[in-house]
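The values are calculated or read from the model by the stated rules, or taken from the named source; none is laboratory data. Since the structure is predicted, the reported quantities are computational estimates derived from the model, not experimental observations. All Cβ positions, even for glycine, are placed from backbone atoms using ideal geometry, and neighbour counts span all protein chains on display. The protein model used for the area step is the full one, side chains on, heavy atoms only, and it has no ligands, DNA or RNA in it. Shrake-Rupley method; radii C 1.70, N 1.55, O 1.52, S 1.80 Å.
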Amino acid sequence: LRQGIEQPALDNFITAAAVDTIIRKKPHLTLIHLVDMDNHRHHYGVRSQQAIDALDRLDKHVGELVAAAKEAGIYADTNFMILGDHYQLNVDKMIHLNMIFADRGWLKSTRNGRVNRHWRVIAKHADGAAYIYVRDSSLVDEVRQAIKPVKGVKTVFEHAEIAEFGADTNATFMVEAADRYFFTDETDRPNVVENVTNAMLEAGEPDRYKGTHGYHPWHNDYTTTAIFAGPDIIVDQVLDLDVDLTDEGPTMAKLLDLEFDTPVDGHVMAAIFKD
Ligand SMILES: [Zn+2]
């Protein structure tokens, strides 16, 4: 079934493997990650026809998993959770912050376009945001001055804010991209800010997108999906709940009648449960 990581073949394979496992092994917990729609949103845009077609394929896979639970005889005891880990925003411009740091002599690029390990300042991207690590503390103010005016850098978060977010406290700064922009780690490009062209996308160049994620979770219209069904779940309700991804673990634990020995992030989504 598989053709490397090509979609939709990869999700067809993942679903077939899960269906086979559910029928033959009846596991207490099955977690599967289908990435077809994420992939097509990256390549064609958030609301593209290709992404909508991928959503239809996801729906079909959910149907196959439900049918597998019925065939295994465990459907009446099975709770289903359909979760997104993020939404996406449409983009058309890249920001290559490491080019600035190379230009100032704070890092050197290697022959294959990566960063030599003896860097003093480096950006590590998560598309919509990036961490900035400054090894040489005498450079902190200069780095802040260098990144603040870059077009497409919306916010520079200071170290204290990073700790509040629960993000990597080894980072000196965290930057968030403005709408339509995203970050890369690349050092060897024509300009610090560069348009994503159709030619790049058609050539299949890595990290070239029409949509992506990694922005601050507080960004407007940037929420994701949570659908629940099963014997322990209330029926046919749309809830306007303020929940986080970190609430998913405790909620799964409650569905499995498990308790954590140590404190964890997040809370049980109590409103989804019957009585
Ligand atoms: Zn993605």
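Overview of results
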item: Segment VAL156-ARG24, length gained on full extension (0.36 nm per residue, minus Cα span); result: 42.4 nm
item: Choice from ASP179, ASP11, ASP59 showing the highest fluctuation, given a GNM over the chain with Cα pairs closer than 10 Å; result: ASP59
item: Exposure of MET174 as accessible area (Å², to 10), given a probe of 1.4 Å and all protein chains; result: 40 Å²
item: Within a Gaussian network of the chain (alpha carbon springs, distance under 10 Å), most fluctuating of HIS61, HIS118, HIS213; result: HIS118
item: Surface share of carbon and sulfur [accessible, 1.4 angstrom probe, percent] for the chain; result: 49 percent
item: Positive-pole candidate from HIS118, VAL134, ALA76, dipole of the chain, charges at beta carbon; result: HIS118
item: The stretch 99-115 - phi-based ³J(HN,Hα) in whole Hz, Karplus 6.51/-1.76/1.60, Gly and Pro as x; result: 5, 5, 5, 5, 4, 7, x, 8, 8, 10, 8, 8, 4, 8, x, 9, 10
item: Of LYS25/LYS60; LYS60/LYS210; LYS60/LYS154, those spanning more than 31 Å from alpha-carbon to alpha-carbon; result: LYS60/LYS154
item: Å² of accessible area per residue within the chain, as computed with a 1.4 Å probe and no ligands counted; result: 61 Å²
item: Charge context of LYS108, other residues only, Cβ under 12 angstrom, K/R +1, D/E -1; result: +3
item: Under 13 Å from the ASP179 label point (7 Å along Cα→beta-carbon), backbone N, the stretch 71-107; result: 89-92
item: Cα-based equivalent ellipsoid, the chain: semi-axes from gyration tensor eigenvalues, Å; result: 40, 24, 17
item: Reachable lysines, given that their alpha-carbon falls under 19 Å from the alpha-carbon of LYS274 and they are not under 8 places away in the same chain; result: LYS254
item: P(r), alpha carbons of the stretch 89-212 - 10 Å bins starting at zero, rounded %; result: 14, 46, 33, 8, 0
item: For ILE233, distant residues with modelled amide H under 5 Å away; result: LYS274
item: Environment charge at VAL196 (Cβ cut-off 11 Å; Lys +1, Arg +1, Asp -1, Glu -1); result: 0
item: Under-5 Å amide H pairs with GLY128, H placed in peptide plane, nonlocal only; result: PHE183, HIS213, GLY214, TYR215
item: Prolate/oblate/rounded call for the stretch 1-41, Cα gyration tensor, a/c under 1.5 rounded; result: oblate
item: ARG135 accessible area, 1.4 Å probe, all protein chains in place, Å² to nearest 10; result: 140 Å²
item: Rounded to whole Å, sorted largest first: equivalent-ellipsoid semi-axes of the stretch 139-235, Cα gyration tensor; result: 31, 24, 11
item: Cα pair distances exceeding 18 angstrom across the stretch 224-275, given as percent; result: 29 percent
item: Angle in degrees between helix 9-25 and the longest Cα principal axis of the chain, rounded to the nearest 10; result: 40 degrees
item: In order through the stretch 45-56: 3J(HN,Hα) via Karplus (6.51 cos²θ - 1.76 cosθ + 1.60), integer Hz, x for Gly, Pro; result: x, 4, 9, 5, 4, 5, 5, 5, 4, 5, 4, 4
item: Size of the stretch 1-78 as Cα extents on the principal axes (Å, biggest first); result: 40, 25, 16
